[in-house]
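Student: Take a look at the following structure, please.
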Amino acid sequence: LTIRRGERLGLGGLGLLMGAIAITIAVEKPHALMFALSIILGGFTLRSLRRSPYFQTWWHRYGPIFLPSPPAPPGHLESGTPLHSAAGTAPRTPPRILVATRGNPGLLRFAVEEARNRQAELLVLFVRQLAVIPMGSVTTPNWTEDEEAQALFKEARTLAQPMGIVVRPLYAVTHDVAEAILELAVTYGVDLLILGVSQRGRLDRLMKGDVIQQVAQYLPERITLLIHA
């Protein structure tokens, strides 16, 4: 989300105020400070454990036991019919490909071609990254009001429909893009994950993190990662 200069100044002032409050608490209430630090440390520890490859492997094996089947994605776009067995009686589950993009046409075409070659179902993920974590009653973006996401899903349907490929649009709003991609890849049981090389500068990747590197580090071994340059 774009943050205007006035909003940045407001956030900066709020940060200074919170810092002053924290210093006051540290001086006047050292026990309260220790409690707050323990909560923060515990939160970061749980976050690290959750993003570890051991947890991802465990979640892939046992997560479906505790969670219901994933609901149909919003704005379900379906073109083509499911694949069937040679006998024509029982349907078989086609492989699933997940492509995460904000509208890269080359990456989207590549993903559609891969889905056609593998006779796979294509999941198209649009991730809206939040610059700051919303607090209070702030309304987060919705896929029905996101023109970029709508354009991406429409383009995916246009490319896939003539080839008889089933397309499922997915939409996520998060401050951690890599974590959202990993969660959806595991939840929907994809076989292949396609990502495109970021066009962001080195400083921007340093500040926000390299998504491909983070995903590759924690992606379960059973999911193949394919990078499209």
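Student: For region 139-163: of the residues being outside any helix (DSSP H, G or I) and surrounded by 12 or more Cβ atoms within 10 Å (Cβ to Cβ), which is modelled with the lowest pLDDT?
Tutor: Here the answer is PRO141.
Student: Can I ask one more? Could you tell me whether ILE25 is outside any loop (DSSP other than H, G, I, E, B), out of contact with any Lys or Arg (no Cβ under 8 Å at 6 or more places or on another chain) and modelled with pLDDT under 65? Even if it seems obvious, please write down each step before you answer.
Tutor: Working: outside any loop (DSSP other than H, G, I, E, B): yes; out of contact with any Lys or Arg (no Cβ under 8 Å at 6 or more places or on another chain): yes; modelled with pLDDT under 65: no.
Answer is no for this residue.
Student: All but one of (1) modelled with pLDDT under 80; (2) surrounded by 11 or more Cβ atoms within 10 Å (Cβ to Cβ); (3) part of a helix (DSSP H, G or I) hold for GLU114; state the number of the condition that does not hold.
Tutor: If we test GLU114 against (1) modelled with pLDDT under 80; (2) surrounded by 11 or more Cβ atoms within 10 Å (Cβ to Cβ); (3) part of a helix (DSSP H, G or I), just (1) comes out false.
Student: Turning to a different aspect of this structure: I'd like to know if region 197-212 contains one or more residues that are at pLDDT 90 or above and either surrounded by 19 or more Cβ atoms within 10 Å (Cβ to Cβ) or not assigned by TED's automatic domain parsing to the domain that holds VAL166 (or both).
Tutor: Scanning region 197-212, I find no residue that is at pLDDT 90 or above and either surrounded by 19 or more Cβ atoms within 10 Å (Cβ to Cβ) or not assigned by TED's automatic domain parsing to the domain that holds VAL166 (or both), so the answer is no.
The values are calculated or read from the model by the stated rules, or taken from the named source; none is laboratory data. Just so it is clear, the structure is predicted and the values come from calculations on it, not from any experiment. Cβ sites come from the backbone with ideal geometry, for glycine too, and all protein chains shown count toward neighbours.
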